[in-house]
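Where a number appears in this text, it was derived from the coordinates with a stated rule and is not lab data. The structure displayed is predicted, hence computed values, not measured ones. When we count neighbours, we look across all protein chains shown, and the Cβ atoms used for this are built from the backbone with ideal geometry, even at glycine.
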Amino acid sequence: MKRRTLIKGMASTLPYLWLSRALGNDLLQTAYSSELIAKGPFKPTWESLQNYKTPDWFRDAKFGMWAHWGPQCEPEAGDWYARAMYQEGSRQYKIHLEKYGHPSKFGFKDVINEWKAENWDPEALVSLYKSAGAQYFMAMANHHDNFDLYNSKYQKHWNATRIGPKKDLIAGWAKAAKKNGLPFGVSVHASHAWRWYESAQRSDKNGAYAGVPYDGKLTKADGKGKWWDGLDPQELYAQDHPLSENSWNNGSVHRQWDWSNGVCQPDKAFIEKFYNRTIDLINKYDPEVLYFDDSQFPLWPISDAGLRIAAHLYNKSIKDHGELRAVINGKVLDEHQRKAMVWDIERGQANEIQPLPWQTDTCIGGWHYERAIYERNGYKTAKTVIQTLVDIVSKNGNLMLNIPVRGDGSIDEKERKIVEEIGAWMKANSESIYGTRPWTIFGEGPAQQAAAALNAQGFNEGKGKPFTSEDIRFATKGDALYATAMGWPEDNKLVIKSLAKNSQYFPAAIQKVEWVATKQSLSFERNENGLIVSLPEKMTDSLSYANVIKVLS
């Protein structure tokens, strides 16, 4: 017993160290937490998890849609609202004062209580996304605001079945995905609540409320006679701890995302609660995709909680399906870590073909719904989304696209029009997307010569040259080579230099060129300058955003 106690104590400094005892029901009892890890080939170590292989269903799917939706959408004031509303003078702080009052009197816990999601129809939304070509669907299970959007065993008071909508939102999304035949995913962000919510510990420095603390340090005892009587705000805010170094510098949270640079590290109770909450989520809703908004696994390298979650999900997937169907997304991965999970790039994309499958996650607006973006017509266009998808697929990636959901659970008419335009293109051209694999090269043209480098999680989106008809992207499936022009050539002549006569990439004779949208054969000429294809008359705008030909030898 003494030896086991000693080893448990060492676990905080040796994250790889892991103990278990076998139970008779295909589960393992860890030395840390009450939730059990499924038995199987994967152990909670980087070495073991690097035996992971991305399932073919995910590689074939290419395109998923995401509902990044929670109580921070209620004010319709944009992303990270529950942090920025506690930053004196910020845009969202000013919105909060006008809409709700001072954050010492009306904090984010009170915003959650206002959120009702009264117009939420998950089946209608998921059906719309499927009609737009999505092959899997993901919903947010919690954000950095630490509020669980499901019937949470371990966040049992601060979850959507008890406060706000009083509905199990993840159950509703999962049911809709299943009805539409789409693999279901969940995104988990709550590991960072400990540091992220530190702004709630502040107070104003100026004005009538100078020095009056915001509500981030309130406890259960403070709730007598209030709507939250009997609830402990610290179960939500997790702020019963000292501030991190430079916490009042609003940008410092980004530098401390990897749990370094002076961050106040979370205690064992917070870490194990996060672990238990996530295992409970997996066991209740059987997601096939688990997205972590973390560098590597959550809480790495200060804890192996994320490694344990991954081992459980992979082993459970094998047990439930007879094969590994699960996918875990994580960010800022080195080449070895990318073998253990699927690398995710936020608001950006790789500049070359990647040896392993990867994913971009991006959004047509802000991550959480922002009405100001709607009012200024600030959404990404369908053209941008389609061209982004084609570029990503050519480099062995998938696209996960968020359509911001309003606080009431609906999407606005401008978003719906974008989704429908994407769907029109996908209906005509999806054979060049689904089930494809990268070619020898991903493409040609001026845009790739000015591609922006990745920064941290990604964030190179929109920083290069705009695409033109000279920018071609390639993908293959079976005997077919798909070449997609990112625009319509003015003279209706598409020139593909990489397919020139005697090309090192395509030495075989070309027998047929087909226009994918209509299946019609096209006339072509092949000389030393390239493959020159005579296109039909220009299609409608949505179909001409990216123009696909099929080349057969």
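Figures for the structure shown
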{"quantity": "For S203, distant residues with modelled amide H under 5 Å away", "calculated": "Y214"}
{"quantity": "Extension reserve of the H241-R347 stretch, reckoned as 0.36 nm per residue once the Cα distance is removed", "calculated": "34.9 nm"}
{"quantity": "Which listed pairs, of K427/K519; K178/K519; K43/K339; K224/K284; K53/K130; K156/K226, have C-alpha distances above 23 Å, in listed order", "calculated": "K178/K519; K224/K284; K53/K130"}
{"quantity": "Options S247, T161, S430, ranked by Cα towards positive dipole end of the chain, top entry (Cβ charges)", "calculated": "T161"}
{"quantity": "Angle between the chain longest axis and helix 169-179 axis [Cα atoms, degrees, rounded to 10]", "calculated": "30"}
{"quantity": "Value at 222 nm in deg cm²/dmol, rounded to 500, when DSSP H runs of n ≥ 4 in the chain each add -39,500 (n - 2.57)", "calculated": "-7500 deg cm²/dmol"}
{"quantity": "Environment charge of N119, counting only residues whose C-beta is closer than 11 Å and scoring Lys/Arg +1, Asp/Glu -1", "calculated": "-1"}
{"quantity": "Distance in nm between pseudo-label sites at E123 and Q511 (7 Å out along the Cβ direction from Cα)", "calculated": "4.8"}
{"quantity": "Rounded if a/c under 1.5, otherwise prolate or oblate - the stretch 443-552, Cα gyration tensor axes", "calculated": "prolate"}
{"quantity": "Mean Cα-pair separation over length for the stretch 443-552, i.e. relative contact order, pairs under 8 Å, 6 or more apart, %", "calculated": "27"}
{"quantity": "Cleavage-rule hits (trypsin sites (Lys or Arg not before Pro)) in the stretch 495-553: DSSP loop, at most 14 neighbouring Cβ within 10 angstrom", "calculated": "K519, K538"}
{"quantity": "Spin-label model distance (nm) - K497 vs K519, 7 Å beyond Cα toward Cβ", "calculated": "3.5"}
{"quantity": "Set of the stretch 385-408 residues, backbone N closer than 16 Å to the point 7 Å along the Cα-Cβ line of I441", "calculated": "394-395"}
{"quantity": "Rounded to whole Hz, the Karplus (6.51, -1.76, 1.60) HN-Hα couplings of the stretch 181-194, x for glycine and proline", "calculated": "x, 10, x, 10, x, 10, 10, 10, 10, 6, 4, 9, 4, 3"}
{"quantity": "For the stretch 202-280 versus the stretch 325-368, the gap between their alpha-carbon centres in whole angstrom", "calculated": "29"}
{"quantity": "Low-density loop positions, trypsin sites (Lys or Arg not before Pro), the stretch 342-448 - DSSP coil, at most 13 other Cβ in 10 Å", "calculated": "R376"}
{"quantity": "Rounded tilt (10° steps) of 268-285 against the dominant C-alpha axis of the chain", "calculated": "50"}
{"quantity": "Amide H partners (placed H, <5 Å) of E346, local residues excluded", "calculated": "D361, G458, F459"}
{"quantity": "In degrees, nearest ten, helix 382-394 long axis to first principal axis of the chain (Cα)", "calculated": "80"}
{"quantity": "Trypsin sites (Lys or Arg not before Pro) restricted to the stretch 166-206 and DSSP loop, no more than 14 other C-beta within 10 Å", "calculated": "K166, K205"}
{"quantity": "Phi to ³J(HN,Hα) by Karplus 6.51 cos²θ - 1.76 cosθ + 1.60 over the stretch 49-63, Hz, x for Gly, Pro", "calculated": "5, 6, 7, 5, 10, 4, x, 5, 4, 6, 5, 7, 5, 6, 9"}
{"quantity": "Label-point separation, E420 to K380 (7 Å along Cα→Cβ), nm", "calculated": "2.1"}
{"quantity": "Net charge of neighbours whose Cβ lies under 14 Å from the Cβ of M539, counting Lys and Arg as +1 and Asp and Glu as -1", "calculated": "+1"}
{"quantity": "Rounded to the nearest 20 debye, dipole of the stretch 443-552 from Cβ charges on Lys, Arg, Asp, Glu", "calculated": "240"}
{"quantity": "Residues C264 and D479, FRET efficiency given R0 of 51 Å [Cβ-Cβ distance, rounded to 0.05]", "calculated": "0.30"}
{"quantity": "Cα lying deepest toward the dipole's positive end in the stretch 443-552, options A546, A517, A475, charges on Cβ", "calculated": "A475"}
{"quantity": "Distance between the stretch 79-95 and the stretch 161-196 - C-alpha centres, whole angstrom", "calculated": "25"}
{"quantity": "Potential extension, V212-E323 segment - 0.36 nm per residue separation minus Cα distance", "calculated": "34.3 nm"}
{"quantity": "Amide H partners (placed H, <5 Å) of N402, local residues excluded", "calculated": "W66, T362, C363, I364"}
{"quantity": "Length gained when the stretch K220-T468 is fully extended (0.36 nm per residue, less Cα-Cα span)", "calculated": "83.4 nm"}
{"quantity": "Mean Cα-pair separation over length for the chain, i.e. relative contact order, pairs under 8 Å, 6 or more apart, %", "calculated": "16"}
{"quantity": "Label corresponding to Kirkwood radius over Cα pairs in Å when calculated from the structure given, among [x] 24.9; [y] 29.6; [z] 23.6", "calculated": "[x]"}
